[in-house]
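**Student:** Quick one: the structure is below, and I'll ask about it shortly.
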Amino acid sequence: MSKTFDRRRIAILVVEDEPLLLMDAMDMIEDAGFTVYGAGNADEALRLLESRNDIRVLFTDVDMPGSMDGLKLAHAVKDRWPPVHIIVASGHVNVARKELPENGVFFAKPYPPSSIICALDGIAERIVN
Amino acid sequence: MGAEIRAFDWTTTPLGPISTWPKWLRTTVANLVECGHPIAFWVGPELTTIFNDGFGPILGKRAATALGKPLADVWFDVMDDIRPMVEQAMAGTPVWKEDLPLTMTRNGYPEETWWTFSYSPVRDDEGRIMGFLDTVTETTQSVLARRQIVETNEKLKREVELQQEARRQQRVLQRELSHRMKNTLSMVQAVVSQSLRNAPDPKVAAELAYARITALARAQDVLTSTSWAASDVEMITRASIEPYHDRDERFEVAGPSVELEAQRSLGLALAIHELATNSVKYGALSVEMGAVKIDWNIFGENGFSFSWREVGGPPVEAPSRRGFGSRLTERVVPAYFEGTAALDYAPAGLTYTLSGTLGAGRPSRAED
């Protein structure tokens, strides 16, 4: 696939409460050339979104401790930062799909890394064009 | 009862001998005697008792002595209950009651009974109210049967509810297990991809991945004994060092009993695995006399510390390049405890210290 954009200019925010999975997801996205930020819960994620203006994609887990799970976070981000694209991943396949915000993309966990990168490229294409 | 009534000495009652009874009284008594339905007639100034064959069983043991007795003597045990209705009938207003409960001692012991009955005023030829007819059906059996049905229904309903609750709990447990399974697979995937990312060649990557997956599996064995919910730090530690425990003096393990939530248990097991494999290559576990002191403690409200100290190994040098092992032990595992950790490559022996919390930041995930 010939890219018409620079992946480094697209920043992805990964939200995952499982530290090992967070590191691995960040490595995967970073290896693909995107800029990546990580957060261990929804509050951290919202603080990052407030302080950075380059985040174009939220890639979040669903089950997370704290006041907000990944679905609530996805809806909150959709409301406050409408241009931010949403990708949600969960082991609870049926629960998550029907509760996604509009245009949200769902991946069942565990997911093949290439499918995430492919989805990110698709989003990047749309952002650039 | 016709014969008994005719034979009875009515001179002992306010009604006087039968021969003196007015026509309305005779007619009423004759109708009552010929009626198959239980009827009693209370008549005259003392409401003297006259009743038919059908009414006998209602009186129970009292049937033998009730004829000619005043109402208040026959029904002495329920008089307080029926008095208002008797007064109503005697005032000219008929009474109709369905399933009225009365506690009776008609058979010598208290019985709960129910009655459907009417009290109909009876007048003399001048229209004066002289008494009342009590036409009655005892409904005790049907009330008890209905009550039994209601109780049986309630019992069945409770049983169904218990079964539904048990099924619901089973579904929750299945969802929880499915979620933990997916999580474990995700961790295995991360371990594999991290092993591939950091290894010089596929063969080494495979060996690293196998060893890490085996370490996760040993930790899972500990968790399985508690339905994958939590483990004890000592159990997780001992399970993780077990492959390297070649002699008694190799490890010194000390710390209080501390329950560790499932994901923290897996994280700690991975950290110990990385420390041990590194030590087998470069540290105290690489030489005959080397040893490792592992201890942990709790402090403050939810504070938790853990340390791994190597002694008796070869002189330590800090590695030129930090791989998955040091990233995992220094950055990833402390995040499971919302804390920090450091590897100290002191020449006398490597020390790893972790300090964090066991707070409720990572609750069980049974909900949804």
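**Student:** Show which lysines lie in cross-link reach of B:Lys293 when reach means a straight Cα distance below 18 angstrom and same-chain residues fewer than eight apart are skipped.
**Tutor:** B:Lys281
**Student:** Count, for each residue of A:13-22, the Cβ atoms from other chains sitting within 10 Å of its Cβ, then give me the mean as a whole number.
**Tutor:** Whole-number average of other-chain Cβ neighbours for A:13-22 is 5.
**Student:** A follow-up question, please. On average, how many beta carbons from a partner chain sit within 10 Å of the beta carbon of a residue in A:61-74?
**Tutor:** 2
**Student:** Using helices alone, I'd like the mean residue ellipticity at 222 nm for chain B: each DSSP H run of four-plus residues gives -39500 (n - 2.57), total over residue count, nearest 500.
**Tutor:** Mean residue ellipticity, 222 nm, calculated: -14000 deg cm²/dmol.
**Student:** Over segment B:2-138, what per residue volume does the convex hull of the Cα atoms give, in whole Å³?
**Tutor:** 97
**Student:** Quick check: net charge around B:Leu328, other residues with Cβ under 11 Å of its Cβ, Lys/Arg +1 and Asp/Glu -1?
**Tutor:** So the environment of B:Leu328 carries a net charge of +1.
**Student:** While we're here: Between B:Arg26, B:Arg146, B:Arg168, which gets the highest mean-square fluctuation from a Gaussian network model of chain B, Cα cutoff 10 Å?
**Tutor:** The residue that fluctuates most here is B:Arg26.
**Student:** Would you look at the GNM of chain B, springs on alpha carbons closer than 10 Å, and say which of B:Lys155, B:Lys293, B:Lys61 moves the most?
**Tutor:** Of B:Lys155, B:Lys293, B:Lys61, the most mobile in the Gaussian network model is B:Lys61.
**Student:** Need the full-extension length gain, B:His245 to B:Thr12, defined as separation in residues times 0.36 nm minus the C-alpha distance. One decimal, nm.
**Tutor:** This chain segment gains 72.9 nm when fully extended.
**Student:** Still on this structure: Less than 12 Å apart at the alpha-carbon level, and either on another chain or at least 8 residues along: which aspartates and glutamates does that give for A:Lys78?
**Tutor:** Leaving aside aspartates and glutamates fewer than 8 places away in the same chain, those within reach of A:Lys78 are A:Glu102.
**Student:** Where only protein heavy atoms count, and the probe is 1.4 Å, what is the accessible area per residue for the protein assembly as shown in Å²?
**Tutor:** 50
**Student:** Let me ask something additional. Report, to the nearest 10°, how far helix B:202-224 tilts away from the longest principal axis of the Cα atoms in chain B, using its own Cα long axis and a range of 0 to 90°.
**Tutor:** Approximately 30 degrees, to the nearest 10.
**Student:** Please list the non-local residues whose amide H lies under 5 Å from the amide H of B:Arg123, H modeled 1.01 Å from N, same-chain partners needing a gap of 5 or more.
**Tutor:** B:Met130
**Student:** Additional query: Taking a ≥ b ≥ c as the square roots of the Cα gyration tensor eigenvalues, with a/c under 1.5 meaning rounded and otherwise prolate when a/b beats b/c, else oblate, which class fits segment B:109-148?
**Tutor:** prolate
**Student:** Dividing the Cα radius of gyration by the Kirkwood radius, what Rg/Rh value follows for chain B?
**Tutor:** Result: Rg/Rh = 1.61.
**Student:** Now for a separate question. Can you grab the distance from the C-alpha centre of segment B:82-130 to the C-alpha centre of segment A:41-91, Å, no decimals?
**Tutor:** Cα centres, segment B:82-130 to segment A:41-91: 78 Å.
**Student:** Using only Cα atoms, find the angle between the long axis of helix B:140-198 and the longest principal axis of chain B, and express it within 0 to 90 degrees, rounded to the nearest 10.
**Tutor:** Here the helix axis deviates by roughly 10 degrees.
**Student:** Report the GluC sites (Glu not before Pro) located in segment B:111-192 that are in a DSSP loop and have at most 15 other Cβ atoms inside 10 Å of their Cβ, or state none.
**Tutor:** When the GluC sites (Glu not before Pro) of segment B:111-192 are filtered for loop state and at most 15 Cβ neighbours within 10 Å, B:Glu126 remain.
**Student:** Counting only other residues whose beta carbon sits under 9 Å from that of B:Ala230, what net charge do I get with K and R as +1, D and E as -1?
**Tutor:** Taking every other residue near B:Ala230 into account, the sum is -2.
**Student:** Go ahead and estimate [θ] at 222 nm for chain A from helices alone: -39,500 (n - 2.57) per DSSP H run with n ≥ 4, summed, over the residue count, rounded to 500.
**Tutor:** Only helices count here, giving -13000 deg cm²/dmol.
**Student:** Under 12 Å from the Cβ of B:Thr137, count the other residues' Cβ atoms, weight Lys and Arg +1, Asp and Glu -1, and hand me the total.
**Tutor:** Residues near B:Thr137 contribute -3 overall.
**Student:** Let me ask you something else. What relative contact order, as a whole-number percentage, does segment B:207-304 give when Cα pairs under 8 Å and 6 or more residues apart are counted?
**Tutor:** 31 percent.
**Student:** Also: Can you give me the P(r) profile for the protein assembly as shown? Cα pairs, bins 10 angstrom wide beginning at 0, each as a whole percent.
**Tutor:** Pairs per bin, as whole percents: 3, 15, 18, 12, 7, 4, 4, 7, 9, 9, 7, 3, 1, 0.
**Student:** Let me ask something else. Which far-off residues, 5 or more places away or on another chain, put their amide H under 5 Å from the one on B:Trp114, with H placed in the peptide plane?
**Tutor:** Amide H to amide H, under 5 Å and 5 or more residues apart or across chains, B:Trp114 pairs with B:Leu102, B:Thr139, B:Thr140.
**Student:** Report, by chain and number, residues whose modeled amide H sits under 5 Å from the one on B:Lys69, excluding near sequence neighbours (fewer than 5 apart, same chain).
**Tutor:** Amide H neighbours of B:Lys69, under 5 Å, 5+ apart: B:Thr49.
**Student:** A follow-up question, please. For segment B:194-239 and segment B:1-76, what is the separation of their Cα centres, given in Å?
**Tutor:** Between the Cα centre of segment B:194-239 and that of segment B:1-76, the gap is 96 Å.
**Student:** Using 5 Å bins from zero, what percent of all Cα-Cα pairs in chain A falls into each bin?
**Tutor:** Pairs per bin, as whole percents: 2, 11, 24, 26, 23, 11, 3, 0, 0.
**Student:** If you don't mind, another one. Excluding same-chain residues fewer than 8 positions from B:Lys23, which lysines have a Cα within less than 25 Å of its Cα?
**Tutor:** B:Lys69
**Student:** If you don't mind, another one. Relative to the Cα centre, what is the charge dipole magnitude of segment B:2-138, using +1 at the beta carbon of each Lys and Arg, -1 at the beta carbon of each Asp and Glu, and rounding to the nearest 20 debye?
**Tutor:** Value, rounded to 20: 380 debye.
The values are calculated or read from the model by the stated rules, or taken from the named source; none is laboratory data. Every value quoted in this text rests on a predicted model; they were computed, and no experiment measured them. Glycine gets a Cβ as well: all are built from the backbone with ideal geometry, and neighbour counts include every protein chain shown. Surface areas here come from the heavy atoms of the whole protein model, side chains and all, with no ligands, DNA or RNA. Shrake-Rupley method; radii C 1.70, N 1.55, O 1.52, S 1.80 Å.
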